[in-house]
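First up is the structure itself, then whatever we jot down about it.
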Amino acid sequence: MSLFAIHAMVWVSGWSNEEAERAISSAGRLGYDIIEIPLLDPERIDLEATRALLEAHDVTGAVSLGLGPHADVSSEDSAKVRAGTEILHKALAATRVLGGNYFGGVIYSALTKYSAPPSEKGRANSVAVIRELCQEAARDGITIGIEAVNRYETNLLNTGVQVVRYLDDVGEDNAVAHLDTFHMNIEEVDGPGAIRQCGDRLGYFHVNENHRGILGTGQMHLQPMFRALADIGFDRPVGFEAFSSSVADDVLGGMAGVWRDLWQDSDAIAKGALEAMRREMDEAQAASALLARI
Ligand code: MN
């Protein structure tokens, strides 16, 4: 039975205590199990207050981030690799303080538009940093998620198969593949096929409409994706993301390219997405069980 997660930027862009309370209480009230907190700067966040809010609303915190170009662990420049490593370990420590068990995102390279393919040395640097991060995370039972994103946001891992090969090189059991329908829609030959290829290496799944707006209003076909999740026996978190300029600030919105006002009512889209994801998952599991019997 999968848990359902939602990205905090459905409600807020910053993370003052007031913003944290709005996002966490809303997610909990609507029935979400997990809230994904974008932690670009752990030092500017009141972690203890956030932890108390998570406990009060019975919501688990998951942490995500994308590294900046100055902190690119897939660089050949050792100063950038060091800067990125420091951010990752600070974010991991924050995950621990928040009582979370998941830290992931574009943590293996910068989240930026590259103008050249990755280098072998840069990839090796990234693998070494993530391996060490995983070893430290394992001590606290924290899973490290490697999210494949589209070509305009990284040059290193654009597909599920690339992530699985990367995980083979990292060689740590607590590192998992993270797929996202928005990115899969751009990069995969076959989305459901990518889910099956990841198989039990898939540890987190992001549901997005193709325009990252209201689920069900775009071109995304969720049924085949959920059928593939059911077929691999996926029982890990399924998270909803939607971004609109009505909420996004310049920093996070700028990183994710959120230029348009695609929705305004955060609670309504969060509620609709949870209903749709639950329905799709229930129907897919029923179909998968039926197929197994005939
Ligand atoms: Mn995502």
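Nothing in this text is a laboratory measurement; each read-out follows from the coordinates by a stated rule. Being a predicted model, the structure only gives us computed values, none of them experimental. Using ideal geometry, Cβ is built from the backbone for each residue, glycine included, and neighbour counts are taken over all protein chains shown.
Whole-Hz ³J(HN,Hα) for each residue in region 231-246, computed from phi via Karplus 6.51 cos²θ - 1.76 cosθ + 1.60 with θ = phi - 60°, x for glycine and proline: what do you get?
5, 8, x, 5, 10, 9, x, 10, x, 9, 10, 8, 10, 9, 5, 5
Who wins for biggest fluctuation among GLY218, GLY239, GLY66 in a Gaussian network model of the chain, springs between alpha carbons below 10 Å?
Looking only at GLY218, GLY239, GLY66, the biggest GNM fluctuation is shown by GLY218.
Taking amide hydrogens as modeled 1.01 Å from N in the peptide plane, which residues meet the under 5 Å criterion relative to ALA110, leaving out close sequence neighbours?
Those lying under 5 Å, H to H, from ALA110 are VAL73, SER74.
Describe numerically, in nm with one decimal, the distance between label points set 7 Å from Cα along Cα→Cβ at ARG82 and at ARG139.
Placing both labels 7 Å along Cα→Cβ, they lie 2.2 nm apart.
By its C-alpha gyration tensor, with a ≥ b ≥ c as the square roots of the eigenvalues, how is region 1-41 shaped: rounded for a/c under 1.5, else prolate for a/b larger than b/c, else oblate?
Because a/c hits 1.5 or more and a/b fails to exceed b/c, region 1-41 counts as oblate.
Under a no-solvent Debye model with one identical scatterer per Cα of region 1-123, what's log10 I(q)/I(0) at q = 0.10 Å⁻¹?
-0.34
Hey, what number do you get for the chain at 222 nm if only DSSP H runs of n ≥ 4 count, each worth -39500 (n - 2.57), divided across all residues, to the nearest 500?
-14500 deg cm²/dmol
Please find the FRET efficiency linking ARG278 to LYS113, where r is the Cβ-Cβ separation and R0 is fixed at 51 Å, and quote it to the nearest 0.05.
Efficiency computed from Cβ-Cβ geometry: 0.90.
Rounded if a/c is under 1.5, else prolate if a/b beats b/c, else oblate: with a ≥ b ≥ c from the C-alpha gyration tensor eigenvalues square-rooted, which is region 25-66?
Since a/c reaches 1.5 but b/c is at least a/b, the shape of region 25-66 is classed as oblate.
State, to one decimal in nm, how far the label point of VAL97 lies from the label point of GLU18, with both points 7 Å from Cα in the Cβ direction.
The modelled label-to-label distance comes out at 2.2 nm.
Enumerate the whole-percent occupancy of each 10 Å bin, from 0 to the last occupied one, for all C-alpha pair distances of the chain.
Bin by bin from 0 Å, the calculated values are 7, 30, 38, 22, 3, 0.
How large is the direction-averaged shadow of the alpha-carbon convex hull of region 226-294, in nm²?
5.7
In percent, what relative contact order does region 1-78 have, based on Cα pairs under 8 Å that are 6 or more apart in sequence?
Worked out over region 1-78, it gives 32 percent.
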